[in-house]
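Student: Dropping the structure in here first, questions after.
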Amino acid sequence: MNPNCPICRGIGWVCENHPEKPWDPELGCICGAGAPCKCNATGGVDEPDVSQVIVDDEPKRRH
Ligand SMILES: [Zn+2]
Ligand SMILES: [Zn+2]
């Protein structure tokens, strides 16, 4: 997590409906559920799951 993150202001969480706003009633928005910020991709889990990142980056192809 980036304590100086301009998106979540270091909270590590953003509004589910507004991913560019910190999940805070004063700093941002809490109209939706909390979602992990880009700087907090692990969702609070200490060990990042690399396999999920690889799956996300894989382009979806259907023949
Ligand atoms: Zn952030
Ligand atoms: Zn919101």
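Computed from the coordinates by the stated procedures, all read-outs in this text should not be read as laboratory data. From a predicted model like this one, the values you see are computed outputs, not experimental measurements. Ideal geometry is used to build each Cβ from the backbone, glycine not excepted, and the neighbour counts take in all protein chains shown.
Student: List the GluC sites (Glu not before Pro) in segment 1-31 that DSSP assigns to loop (not H, G, I, E or B) and whose Cβ has at most 12 other Cβ atoms within 10 Å. Which are they?
Tutor: 26
Student: If you don't mind, there's one more thing I want to ask. Find how much the distance from residue 20 to residue 60 grows on full extension, using 0.36 nm per residue of separation minus their present alpha carbon separation; answer in nm with one decimal.
Tutor: Separation in residues times 0.36 nm, less the Cα-Cα distance, equals 11.9 nm.
Student: If you don't mind, there's one more thing I want to ask. Note the full-extension length gain between residue 35 and residue 2 as 0.36 nm times their separation in residues minus their Cα-Cα distance, in nm to one decimal.
Tutor: Stretched out fully, the residue 35 to residue 2 stretch lengthens by 10.4 nm.
Student: Please report the net charge: other residues with Cβ closer than 13 Å to the Cβ of residue 22, K and R +1, D and E -1.
Tutor: Cβ neighbours under 13 Å give a net charge of -1.
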